[in-house]
Amino acid sequence: MWSPPTSLCINNLDHLYKLHRRAGPERAVKLLCQTGQKQTQNYICKMEAFFGNWKLVSSENFEEYMRAKGFVEEEVEVGNIVTPVTSIYQDGEKVVIKLKTSISSSENSFVLGEEFDDNMISKPTRSVVNLEGGKLVQTWKWDDKTSILTREIQDGKMILTLSYDDTVAVRTYEKISEAD
């Protein structure tokens, strides 16, 4: 899978950030996509689809996924009843993912393709996120275990597929105008 060189991404993402501040996010992406190199255009335009605020609207098999990962029953119950809002945006060269629920919030800031300390769950976790074929693929690693989270846009919704061992959960998010 092609991945743009880091310097190319940083330069274009910095350019996008500057355009965003002057022209607004939609105009900035259109301008960059009209003027950039073809592979970088595709990279930036695919990332732009994820930017915004996303509210959970449905969840399948999430309890089983949490149990398989070793969460205690109280965490499973809470995780299954809260309705998170996920915000994804660009901040300079980094991508930021914020998760907010009625009881907690967390945030990760990272450069695509570079490993980072992930603080979305209560366990010490290392993550790396890559853009693969228009999907954001995140690999979580902790205690010699691995879980894969894949975010993709389908029919204007963000589909999050979480897999660990043989357990797969699917969570569907709809875009909203603002995070509460």
| What residues of region 106-150 lie in the reach of a label at Val168, counting those whose backbone N is under 13 Å from a point 7 Å from the Cα along Cα→Cβ? | 148-150
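Arranged from highest to lowest average of other beta-carbon atoms within 10 Å per residue, in what order do the peptides 83-94, 154-165 appear?
83-94, 154-165
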| message | Just want the ordering: Ile153, Ile148, from fewest to most Cβ atoms lying within 10 Å of their own Cβ. | response | Ile148, Ile153
| GluC sites (Glu not before Pro) restricted to region 133-180 and DSSP loop, no more than 10 other C-beta within 10 Å | Glu178
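Just check region 52-176 against the gyration tensor rule for me: Cα atoms, a ≥ b ≥ c as the square roots of the eigenvalues, rounded for a/c under 1.5, and otherwise prolate or oblate depending on whether a/b exceeds b/c.
Working: a/c = 1.38, a/b = 1.14, b/c = 1.21.
In terms of gyration-tensor shape, rounded.
Of Val95, Val111, how do they rank once you tally other Cβ atoms within 10 Å and put the fewest first? Present the calculation step by step, with values, prior to reporting the outcome.
On the way: Val95 21, Val111 17.
If I rank by nearby Cβ atoms, fewest first, I get Val111, Val95.
Which FRET efficiency value, to the nearest 0.05, is calculated for Glu77 and Lys46 with the Förster distance at 45 angstrom and r the Cβ-Cβ distance? Walk me through the numbers on the way to the answer.
Numbers: r = 36 Å, r/R0 = 0.80.
The formula returns an efficiency of 0.80 here.
At R0 = 30 Å, how high is the FRET efficiency between Thr150 and Ser109 if r is their beta carbon distance? Nearest 0.05 is fine.
On the way: r = 20 Å, r/R0 = 0.67.
With R0 = 30 Å, the Cβ-Cβ based efficiency is 0.90.
A short reminder: the numbers here are calculations on the coordinates, not readings from a lab. From a predicted model like this one, the values you see are computed outputs, not experimental measurements. Note that each Cβ is placed from the backbone with ideal geometry, even for glycine, and that neighbours are counted across all protein chains shown.
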